[in-house]
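Asker: Please find one structure pasted underneath; my questions will follow.
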Amino acid sequence: MTELTDLGVRALRDGVREGAFSAVEVAEAFSARVAAASVLNAFIVETPDHALAAAREADRARAAGEAPKPLAGVPIGMKDLFATKGVQTTAASHILEGFVPEYESTVSQNLWDAGAGMLGKLNLDQFAMGSSNETSFFGNVLSPWRRNDGGNAPLAPGGSSGGSSSAIAARLCPAATGTDTGGSIRQPAAFTGIAGIKPTYGRCSRWGTVAFASSLDQAGPMARDVTDCAIMLEAMAGFDAKDATSLQLDVPKWEAGLNPSLAGKRIGIPREYRVDNMPEEIEALWQQGIDWAKDAGAEIVEVSLPHTKYALPAYYIIAPAEASSNLARYDGVRFGLRDLPAGAGLQDMYAATRAAGFGDEVKRRIMIGTYVLSAGFYDAYFTQASKVRTLIAQDFDKAWETCDLLLTPTAPSAAFALGEKSADPLAMYLNDVFTVPSSLAGLPAMSVPGGVDKHGLPLGLQIIGKALDEQGVLNAGLALEQRAGFTARAEQWW
Amino acid sequence: MTESTYRIQGATGEWEVVIGLEVHAQVTSQAKLFSGAATAFGAEPNTQVSLVDAAMPGMLPVPNRECIRQAVRTGMAIDAQINRWSRFDRKNYFYADLPQGYQISQLYHPIVGEGSVEIEADGYTKVIGVERIHVEQDAGKLMHDQHPTQSYVDLNRSGVALMEIVSKPDMRSPAEAGAYLAKLRSVLRYVGSCDGNMDQGSMRADVNVSVRKPGPNGEETPFGTRTETKNVNSVRFVMAVVEHEARRQVEVLEDGGTIQQETRLYDPDRGVTRSMRSKEDAHDYRYFPDPDLLPLELDEAFLEECRASLPELPDAKRARYVAGGVTLYNAAVLTAEVETARWFDALLEAGVAAGPASNWVTSELFGALNRLGKDIAESPVSPAQAAALLALVADGTLSGSLAKQVFEVMLETGQDPAAIVEERGLKQTSDTGAIDAVIAEIMAANADKVADYRGGKDKLFGFFVGQTMKAMGGKANPGVVNERLKAALG
């Protein structure tokens, strides 16, 4: 029999339902694997008891003949950006270290209501700011992957949901929550050979999720394949009256609606995504994806998204602007860290607390955000960026006149080594070049594994859909996934 | 006279005062602007604070429909433009009583645009323009005097909905500023959008004052530099601030100085304003659209519901009273406070004549309440009981003086007037036989005065009336007494 930890969400759910194994066995197997993989630093906090309690409840309900919950028997990892009642929630920052919320985020509550259990709180880039998981106060997350060139360079699992991607790729959990502000679900999924979908902005409640950039932040699932993502997303999504930007819509039955045929679908290839110096392997993967889409019955059309080149600069104005405001509440007054030098006044306390509590990348973005919102520069930066954002959304609207979905690479490269780009913030920001435009437009987008590069590292393909067309995105993802037949997995070296 | 002639006399001539008010009015609602927390006044510190008000990580604001509704109704009550599309902005600044580190307000797109308020000051009527009304969150309260080294924060008020009502710089005298604030308060209380309790801080004004030399023939000259005096919490203080601040500015200018644009505070104990902070440390607030909130879009049905829910407002009510026979003065007195008007309306509904009723309310009732130290909402006599009393006067059952006696008993016992009349036999009598008998006795006992009267001392007539009424225990119908006395005295 296969190891339980080799099973994905659907297999675990079905196995528990059918009685092939118990939920407690599943929870124990994953918890043991989490405990044995501490070198990856994927978890900030491990919560085997939480997973076990949910498992016991699943087994009890099954024995009692009750109707099974959608995720009964499935333990998951929770990105430490989601507030979890009674469990430390830090956003990987020093300033929130030791903060234990008295409330549960809507997304995590939805998952517990669906029967899932929690294996632990997953590491991430501090306040979800970063593309490599090197900005966490709790240390870097290592990717389980290694280059096949004989070197042992530790690789980035992507960011900000790097703990989530690493844990799934290393089979520490079958699925995890992620959040995506400019690509933080899709890029780490691509780096680690797993699937992840950012739904339409407003599908998942932001209530109880530590805010980075409110107009962009969106929770979504990360899992080993498209089907598991669909199951997870169904459990996570839904209208929430506590979030004024939440969409007042029923959650579609995405799993039941899965269909890998792309017959009658037109897939757009945006010409502006052919960026300078794109590695040949990425080009080749993209072409491969196009061929797979054709094979699934799609018609391929070239489209133009003319404002693409302004997306990254606009994003790196809007996101820091919102972040500078959202993070103002971490001032040393009410929770977490408080640094009060002798004789200090209120302003000094703020300054000392924030100097000690925030990492460099967070400080950098707060400074950028404060600058672009300041009275003298607001129009030059924030207003302009907001206009660009509108133009980018209009680009997509125009593209939908000729196609149903867009196909692009997820990231401009495979995973890089830790430390390789951390000295150059701008080079790091370029990682988000393909994921940011759809974030600015609030569109659903997903990454699925497409193949490996010359070092055997995973590469991802991205599908972008119309607002609310998660089903179309998932279906195209499934079509590509079936054709890619991605079976590579990280060798267990830890 | 239709314009203020209020001038400050300086050594270099007359100065005109220009005044604008920014009034912060706490919206009457059970819950805060963006959370479900309660808003009752006087609660224990930090007992009315939700996770949202405390800005815990991941908390999000959700607009409270009732607060929006009250702002719209207020705008409608001052004939203002209601903006179908408005937007919340964040105003970012660090302060310990501001848990989020920003205030949610409406800088660029307020919910209510231009409107106006009609005032009466010094015997003339004037229309004061309102620039806008926007809704925003209140901050918490900091207490620095509770502990030697720590500051205490009370977040009960944090997130409470405020309407900021910004006037145009249309006022020209302390009287106009006072009348504007009083009228605004009256309108808010009629609408029910703010309780207007200025001493509890639910309404306060920032007073902008500048002075300038008046132009020839009443021409407008450019505004001078203004100062803003913060958080003034009574009509009287607003007038005092205007007066003091205008004089101070004139003195500074006449001494060759310049006015600094600055924020000042009013010290009611000393009756002066003093500098609070100057422009140099003015904040760069860093406004931008709040990304947690969608723009507010109001539909026609909502606006219609707001409009339909508006009560009759003071100006309309006053006109109605006057048309019903109430003097302009009485009408103004009766409509100034919503509770008074409500009480008077209830009285009218009981079917009494408006004119006599208004006289009775403004003299007898107000006098009694004043004596008892009660306001009209606490009146021991209900409108229905008052109507019954007035009806007994109207139908001749009670004389004016008997009515006063009955009213005193009503105030003491809360009894209905008919019962009092019955129980104490206070009914007026027009029985000419009884009256004539008493008159005969009095004339007999005062033969000298009868002779004097008949000799031409007309003033003695009042003496005979008084004696007769006294002898009859005040119950005689004064008209009949007059008539019979005239006949008897010849």
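Asker: Taking N as the number of residues in the stretch A:1-149, what is its alpha-carbon radius of gyration divided by 2.2 N^0.38 Å?
Answerer: Here the Cα radius of gyration is 1.10 times the empirical estimate.
Asker: Do any GluC sites (Glu not before Pro) in the stretch A:449-494 lie in a DSSP loop with no more than 11 other beta carbon atoms within 10 Å, and if so, which?
Answerer: Values: sites: A:E470, A:E481, A:E491; in loops: A:E491.
For GluC sites (Glu not before Pro) across the stretch A:449-494 that sit outside H, G, I, E and B with at most 11 neighbouring Cβ atoms in 10 Å, the list reads A:E491.
Asker: Follow-up question, since we're still on this one. Charges on Cβ only, +1 for Lys and Arg, -1 for Asp and Glu, centred on the Cα centroid of the protein assembly as shown; of A:P188, B:H144, A:L305, which one is farthest towards the dipole's positive end?
Answerer: B:H144
Asker: Dipole of chain A (Lys/Arg Cβ +1, Asp/Glu Cβ -1, origin at the Cα centre): which of A:T5, A:Y201, A:N475 lies farthest to the positive side?
Answerer: The listed residue farthest towards the positive side: A:Y201.
Asker: List the lysines whose alpha-carbon lies under 26 Å from that of A:K69, not counting same-chain residues fewer than 8 positions away?
Answerer: A:K79, A:K85, A:K121, A:K198, A:K242, A:K253
Asker: Further, regarding this structure: For a paramagnetic label modelled at 7 Å from the Cα of A:A153 toward its Cβ, which residues of the stretch A:415-457 fall within the zone defined by backbone nitrogen distances under 14 Å?
Answerer: Residues A:415-423, A:454-457 qualify, since their backbone N sits under 14 Å from the label point.
Asker: When the label point is put 7 Å from the Cα of A:L258 along its Cα-to-beta-carbon vector, which residues of the stretch A:474-494 have a backbone N closer than 15 Å?
Answerer: Within reach of a label on A:L258: A:474-486.
Asker: A further question on this structure: What's the longest uninterrupted piece of chain B once you rule out the trypsin sites (Lys or Arg not before Pro) that are loop residues per DSSP with at most 11 other Cβ within 10 Å? Could the numbers behind the result be given before it?
Answerer: Values: sites that count: B:R270, B:K459.
Here the longest run is B:1-269.
Asker: In sequence order, what are the phi-derived ³J(HN,Hα) couplings for the stretch B:481-490 according to the Karplus relation 6.51 cos²θ - 1.76 cosθ + 1.60 with θ = phi - 60°, rounded to whole Hz, with x for glycine and proline?
Answerer: Each residue of the stretch B:481-490 in turn: 4, 4, 4, 6, 5, 4, 5, 5, 7, x Hz.
Asker: Could I ask something else about it? Less than 16 Å apart at the alpha-carbon level, and either on another chain or at least 8 residues along: which aspartates and glutamates does that give for B:K374?
Answerer: Leaving aside aspartates and glutamates fewer than 8 places away in the same chain, those within reach of B:K374 are B:E337, B:E339, B:E364, B:E408, B:E412.
Asker: Return the FRET efficiency for the residue pair B:D436, B:A336: r is the Cβ-Cβ distance, R0 is 51 Å, and the value is rounded to the nearest 0.05.
Answerer: It comes out at approximately 0.55.
Asker: Among the trypsin sites (Lys or Arg not before Pro) in the stretch A:429-486, which ones are in a DSSP loop with at most 16 other Cβ atoms within 10 Å of the Cβ? Mind listing them?
Answerer: Here the sparse-neighbourhood loop sites are A:K454.
Asker: Can you list the lysines whose alpha carbon sits under 25 Å from that of B:K475, skipping same-chain ones fewer than 8 residues off?
Answerer: Cross-link targets: B:K404, B:K427, B:K449, B:K459, B:K486.
Asker: Excluding ligands, DNA and RNA, what is the accessible area buried between chains A and B, summed over both sides, using a 1.4 Å probe, to the nearest 100 Å²?
Answerer: Looking at A and B, the buried total is near 2700 Å².
Asker: Between B:F41 and B:K457, what length in nm is gained on full extension when 0.36 nm per residue of separation is reduced by their alpha carbon distance?
Answerer: Numbers: separation 416, 0.36 × 416 = 149.76 nm, distance 6.63 nm.
Length gained between B:F41 and B:K457: 143.1 nm.
Asker: So if R0 is 56 Å, what FRET efficiency would A:K294 and A:S38 give, r being the distance between their Cβ atoms, rounded to the nearest 0.05?
Answerer: The computed FRET efficiency comes out at 0.80.
Asker: Once you list every other residue whose beta carbon is under 14 Å from the beta carbon of A:T487, what net charge do they have if Lys and Arg are +1 and Asp and Glu are -1?
Answerer: 0
Asker: About its Cα centre, what dipole magnitude does the protein assembly as shown give when the only charges are +1 on Lys and Arg Cβ and -1 on Asp and Glu Cβ, stated in debye to the nearest 20? Walk me through the numbers on the way to the answer.
Answerer: Details: 92 positive and 124 negative charges, 123 e Å.
Here the protein assembly as shown has a charge dipole of around 580 debye.
Asker: Can you give me the % of accessible surface on the stretch B:432-489 that is carbon or sulfur? Probe 1.4 Å, all protein chains present, nothing else counted. Walk me through the numbers before you get to the answer.
Answerer: Numbers: 1690 of 3130 Å².
With neighbouring chains kept in place, the figure for the stretch B:432-489 is 54 percent.
Asker: Taking the Cα centre of the stretch B:432-489 as origin, sum charge times position over the Cβ atoms of Lys and Arg (+1) and Asp and Glu (-1), and report the length of that vector in debye to the nearest 20.
Answerer: About 120 debye.
Asker: I would also like to ask the following. Per residue, how much space in cubic angstrom lies within the convex hull of the C-alpha atoms of the stretch B:8-306?
Answerer: 154 Å³
Asker: If you average 1/r over every pair of different alpha-carbon atoms in the stretch B:432-489 and take one over that average, what Kirkwood value in Å do you get?
Answerer: 11.1 Å
Asker: Where the only charges are on Cβ atoms (+1 Lys, Arg; -1 Asp, Glu), what is the dipole of chain A about its Cα centre, to the nearest 20 debye?
Answerer: Details: 42 positive and 56 negative charges, 71 e Å.
The calculated dipole for chain A is roughly 340 debye.
Asker: R0 = 60 Å: FRET efficiency of A:R274 with A:D113, Cβ-based, nearest 0.05?
Answerer: For R0 = 60 Å, the calculated efficiency reads 0.85.
Asker: Which value at 222 nm does chain A reach when only helices count, each DSSP H run of 4 or more adding -39,500 (n - 2.57), with the total divided by all residues and rounded to the nearest 500 deg cm²/dmol?
Answerer: Details: 15 runs with 173 residues, N = 494.
Value at 222 nm, helices only, nearest 500: -11000 deg cm²/dmol.
Asker: Further question on the same structure: Excluding same-chain pairs closer than 8 in sequence, count the lysine pairs in the stretch B:8-306 whose Cα atoms lie under 24 Å apart.
Answerer: So the count of such lysine pairs works out to 18.
Asker: Counting only DSSP beta bridges with both residues in the protein assembly as shown, what percent are antiparallel, rounded to the nearest 5?
Answerer: Details: 87 of 104 bridges.
So the antiparallel bridges in the protein assembly as shown amount to around 85 percent.
Asker: Normalise the Cα radius of gyration of chain A by 2.2 N^0.38 Å (N = residues in it) and let me know the number.
Answerer: Compactness ratio reported: 0.92.
Asker: Give me the distance in nm between label points sitting 7 Å out from Cα along the Cα-to-Cβ direction at A:F239 and A:Q88, one decimal.
Answerer: Simple spin-label model gives 3.9 nm for this pair.
Asker: Can you give me the relative contact order of the stretch B:432-489 as a percent, contacts being Cα pairs under 8 Å and 6 or more apart?
Answerer: Answer for the stretch B:432-489 is 47 percent.
Asker: Any idea of the accessible area per residue across the stretch B:312-424, 1.4 Å probe, to the nearest Å²?
Answerer: 47 Å²
The values are calculated or read from the model by the stated rules, or taken from the named source; none is laboratory data. Just so we're clear, the structure is a prediction, and the values are computed from it rather than from any experiment. No Cβ is skipped: glycine too gets one built from the backbone with ideal geometry, and neighbour counts run over all protein chains shown. Note: accessible area is taken over every heavy atom of the protein model, side chains too, but ligands, DNA and RNA are not part of it. Shrake-Rupley method; radii C 1.70, N 1.55, O 1.52, S 1.80 Å.
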